[in-house]
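Q: Would you mind keeping the following structure in view while I ask a few things?
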Amino acid sequence: MTKSLIYQTRLRDLAATKRLAESLAPCLRTGDIIAFDGDLGAGKTELCRAIIHALGYAEDVPSPTFNLVQVYEPPVDDQETVAVWHFDFYRLEEPAEALELGIDDAFDQAVSLIEWPSRIGRYLPEDHLVVRLEIAGEGEERLLTVEGGRSWQRRLAGVFADD
């Protein structure tokens, strides 16, 4: 599946990152997979954290770097909030290890936020959204690029506003 550019902008600071997450979060639904790409320290975890908060999870959102996955489940009586599985595969040694973490369950039952997606190779489904963050100059400024297939393009049309 070919991915096309959906959106590109410069995020000036953490506040801009949070505003972007607040725009994206309402569009997410169970089964969505977002692959966060970018260099170490580019802000992938901060953006994931902001999306998780924007989806309604108020608790602390630690980085899953050491345990590889953090799972956020809504209360049983909450039919509106989606479950979120936040993966960080930086320390993954073999792509198949992702299966041991239950990634297939996440793909079916939750929104999957995946940092370092290249580390799972062929286990990353084709119809995922790519969010790339690059350090842009000094300070907190980042270049954000969002790419996806047609289904993502249709769903995200008009979602993003420049800061």
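Every number here is computed from the coordinates shown, using simple stated rules; none is lab data. Note that the coordinates shown come from a computational prediction; the quantities given were computed from them, not determined experimentally. So basically every Cβ, Gly included, is an ideal-geometry build from the backbone, and we count neighbours across all protein chains shown.
Q: If you restrict to DSSP beta bridges whose two residues both lie in the chain, what percentage is antiparallel, to the nearest 5?
A: The answer is about 55 percent antiparallel.
Q: Given the stretch 1-90, what whole percent of its Cα pairs are spread farther than 23 Å?
A: For the stretch 1-90, the fraction of Cα-Cα distances above 23 Å is 25 percent.
Q: Out of every Cα pair in the chain, what percent are spaced more than 28 Å from each other?
A: 15 percent
Q: Roughly speaking, what is the stretch gain from D39 to A157, that is 0.36 nm per residue apart minus the C-alpha to C-alpha distance, in nm to one decimal?
A: Additional length available on full extension: 39.8 nm.
Q: Stretch E134-V76 to full length: gain in nm at 0.36 nm per residue minus the Cα-Cα span?
A: Roughly 17.1 nm would be gained on extension.
Q: Also: Based on the mean of other Cβ atoms within 10 Å per residue, sort peptides 150-159, 21-30 so the most packed one is first.
A: Highest-to-lowest ranking by the protection proxy: 21-30, 150-159.
Q: With +1 on the Cβ of every Lys and Arg and -1 on the Cβ of every Asp and Glu, and nothing else charged, how large is the dipole of the chain about its Cα centre, in debye rounded to the nearest 20?
A: For this selection, approximately 660 debye.
Q: Moving to a separate point now. Say the dipole of the stretch 1-68 comes from +1 at the beta carbon of Lys and Arg and -1 at that of Asp and Glu; which of T2, Y57, N67 then lies farthest toward its positive end?
A: Of T2, Y57, N67, it is T2.
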